[in-house]
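Data block below; observations after.
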């Protein structure tokens with residue numbers, strides 16, 4: 001238990017540091033990096049083959065996903081985005097037809113509203129996952145600490161890609177047993193693939 005507490009403490013401190021650093025990044029760098037990340041996503045064969053994309057909806061200084069979502073919809077792909085459930089730490093993937101289907105949810109994050117319907121985890125073929133940092137060697141990601149994505153991603157067999165600007169990459173990120181490695185980490189300069197799928 002002591003080791004788990006120590007990992008939690010290190011993660012919490014690192015999250016604070018990374019959020020502060022992200023806030024200090026220049027807008028021009030973020031816009032340019034995010035455009036290149038979006039292009040790299042679209043060029044992945046796993047993305048091109050995917051029928052249903054599950055993508056986070058970016059807020060604040062996160063790597064922007066709105067262009068990825070809009071382009072996927074224009075290209076005829078099905079797109080689902082997260083909606084937090086009433087149960088703490090749980091979310092579901094809900095299909096949208098347009099970014100206009102989104103309204104601020106419980107945490108101020110845009111979520112599907114109205115007639116948007118959930119999709120089953122097995123329908124998802126490509127996941128676009130947020131992170132504060134990613135480890136380029138192992139494919140580990142550091143999320144925000146709520147456990148929403150680790151719980152959801154444990155239920156899907158889809159290809160999982162974390163979007164991370166180069167400035168946020170960190171070697172040897174602390175990991176818990178429940179932290180799922182990614183199949184890819186995508187930055188503005190590199191697409192790093194890992195052999196995580198059986």
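The values are calculated or read from the model by the stated rules, or taken from the named source; none is laboratory data. What you see is a predicted model, and the numbers here were worked out from it, not measured in a lab. A quick note on method: Cβ atoms are made from the backbone with ideal geometry, for glycine too, and the neighbour counts reach across all protein chains shown.
At-a-glance table
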| read-out | value |
| --- | --- |
| Matching entry among 76, 89, 60, 108 (being in contact with a helix residue (DSSP H, G or I) (Cβ under 9 Å, 6 or more places away or on another chain), under 27 Å from residue 188 (Cβ atoms) and assigned to a loop (DSSP other than H, G, I, E, B)) | 60 |
| Criterion (out of contact with any helix residue (DSSP H, G or I) (no Cβ under 9 Å at 6 or more places or on another chain), at pLDDT 95 or above and loosely packed, with under 13 Cβ neighbours inside 10 Å) met by exactly one of 4, 26 | 26 |
| Residue in the stretch 158-171 that is surrounded by fewer than 16 Cβ atoms within 10 Å (Cβ to Cβ), more than 19 Å from residue 61 (Cα to Cα) and out of contact with any helix residue (DSSP H, G or I) (no Cβ under 9 Å at 6 or more places or on another chain) present | yes |
| Answer residue from the stretch 159-178, given it is in a loop (DSSP other than H, G, I, E, B) and within 14 Å of the chain's Cα centre (by Cα) and is nearest to residue 195 (Cα to Cα) among those | 164 |
| Counted residues, the stretch 107-117 - those being without any contact (Cβ under 8 Å) to a residue 40 or more places away in the chain, surrounded by fewer than 16 Cβ atoms within 10 Å (Cβ to Cβ) and either under 15 Å from residue 56 (Cβ atoms) or under 18 Å from the mean Cα position of the chain (by Cα) (or both) | 1 |
| Filtered residue count, the stretch 52-84, keeping only those that are surrounded by fewer than 14 Cβ atoms within 10 Å (Cβ to Cβ) and touching a strand residue (DSSP E or B) at 6+ places or on another chain (Cβ under 6 Å) | 0 |
| Residue check for residue 15: within 16 Å of residue 190 (Cα to Cα) and either in contact (Cβ under 8 Å) with a residue 12 or more places away in the chain or surrounded by 13 or more Cβ atoms within 10 Å (Cβ to Cβ) (or both) | no |
| The listed residue being over 22 Å from residue 36 (Cα atoms) and either part of a loop (DSSP other than H, G, I, E, B) or in contact (Cβ under 8 Å) with a residue 40 or more places away in the chain (or both), out of 185, 156 | 156 |
